[in-house]
Every structure is written in structure tokens, then in C-alpha cells.
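S.K.: Take a look at the following structure, please.
The values are calculated or read from the model by the stated rules, or taken from the named source; none is laboratory data. Please read these numbers as outputs of a predicted model, since none were measured by experiment. When we count neighbours, we look across all protein chains shown, and the Cβ atoms used for this are built from the backbone with ideal geometry, even at glycine. With ligands, DNA and RNA removed, areas are computed over all heavy atoms of the protein, side chains included. Shrake-Rupley method; radii C 1.70, N 1.55, O 1.52, S 1.80 Å.
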Amino acid sequence: MKLRSTKPTSAGVDLVPLLDVVFSILAVFVLQSANLVAPRRLGVELPPRSSAEVVSPPEMLVLVLTATGELTLDDRPLTTDLTPTLQAFLARSPQGLVVLNVADETVPYKKALEQVQVLRAIAGDRVALGLDRLPEDDVA
């Protein structure tokens with residue numbers, strides 16, 4: 001009986017462990033190179049704290065638009081023309097702001113915008129619209 005001769009198989013090179021080692025070394029070099037470079041500073045020069053100006057908010061004239069469509073100032077209804085009241089406020093406070101507060105949810109949006117347009121005709125761009133409502137959770 002004759003035995004078959006088997007040819008010896010050649011040993012192959014397994015690339016997976018080789019690639020693991022190469023990428024590990026590469027990761028070490030990348031992390032070390034990040035520490036070697038000095039961080040660049042942004043060219044921002046902040047002023048010293050003592051020279052900072054304190055900015056006060058502008059004086060405000062708050063007009064409240066009620067559900068009936070009336071404007072109130074300090075809880076008093078404005079029955080007269082707004083022009084003298086607003087002009088006197090703007091003369092007294094040149095940087096002042098006229099705020100239309102719509103505190104009632106039932107006021108139609110169209111009515112609020114009409115009042116803003118009337119106020120802008122008198123006070124120009126120093127008119128703001130405010131919504132001073134309590135959240136539903138805070139209502140006592």
C-alpha cells in the first residue's frame with residue numbers, strides 16, 4: 001500500500017494582527033502630536049473690568065390694551081388723544097420706549113396691530129409690543 005504524500009502547505013501571513021498594531025501606533029502618534037502643538041489664541045482683547053459702563057434700561061411708558069379695546073395708563077382709561085401724552089413722554093425721555101401690553105388673551109390680534117400702528121405714527125420706532133400674562137401654572 002502506497003501512502004499518499006501530502007505537500008506541506010505554506011504558512012500564510014495573517015494581516016489582521018499586523019493592521020491592529022499599525023493603527024494602534026498611528027493612534028498614539030496622532031494623540032501625542034496634538035499635545036505638541038501650542039493652542040492658538042484668539043485675538044480678543046477684553047476691556048478691564050473697571051472701565052465697563054453700566055447700561056440702564058430705557059424708561060418705559062406702558063399702555064395696556066384691555067379686552068374691550070380701551071387703552072389704560074396706570075390703571076386709568078385714556079379717553080383723550082394719545083398724542084400729547086406720548087409727545088410729553090418722548091420729550092422727557094429721549095431714549096424712552098412706548099410699550100403696548102396686551103395682557104388679555106381675548107384681544108384680537110388685528111386690534112393690537114392697529115394700536116401698534118397708531119403708536120408708531122406718533123412715537124416712530126420706539127414702540128414695542130408686550131405680552132404680560134401669567135403662565136397657567138402660576139395662576140392663583
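S.K.: Here are Leu71, Leu86, Leu82: which of them is over 21 Å from Ser56 (Cβ atoms), of a type outside the set (D, E, K, R) and in contact with a Pro (Cβ under 8 Å, 6 or more places away or on another chain)?
M.R.: Exactly one residue qualifies, and that residue is Leu71.
S.K.: Yes or no: Ala34 more than 30 Å from Ala128 (Cβ to Cβ), in a helix (DSSP H, G or I) and modelled with pLDDT under 80?
M.R.: Yes, satisfied.
S.K.: Something else now. With respect to Ala103, is the statement that it is open to solvent by 40 Å² or more (accessible area, probe 1.4 Å) and touching a strand residue (DSSP E or B) at 6+ places or on another chain (Cβ under 7 Å) true?
M.R.: Considered against the rule, which asks whether it is open to solvent by 40 Å² or more (accessible area, probe 1.4 Å) and touching a strand residue (DSSP E or B) at 6+ places or on another chain (Cβ under 7 Å), Ala103 comes out as yes.
S.K.: In addition: Could you please give the count of residues in segment 39-65 that are at pLDDT 85 or above and either farther than 19 Å from Thr106 by Cβ or of a type in the set (Val, Ile, Thr) (or both)?
M.R.: Residues flagged as at pLDDT 85 or above and either farther than 19 Å from Thr106 by Cβ or of a type in the set (Val, Ile, Thr) (or both) within segment 39-65 amount to 5.
S.K.: Restricting the first residue to segment 67-95 and requiring it to be farther than 25 Å from Glu105 by Cα and part of a loop (DSSP other than H, G, I, E, B), which pairs with a second residue that is open to solvent by less than 100 Å² (accessible area, probe 1.4 Å) and modelled with pLDDT under 85 meet a Cβ separation below 6 Å and a spacing of at least six or different chains?
M.R.: Gln95/Pro58
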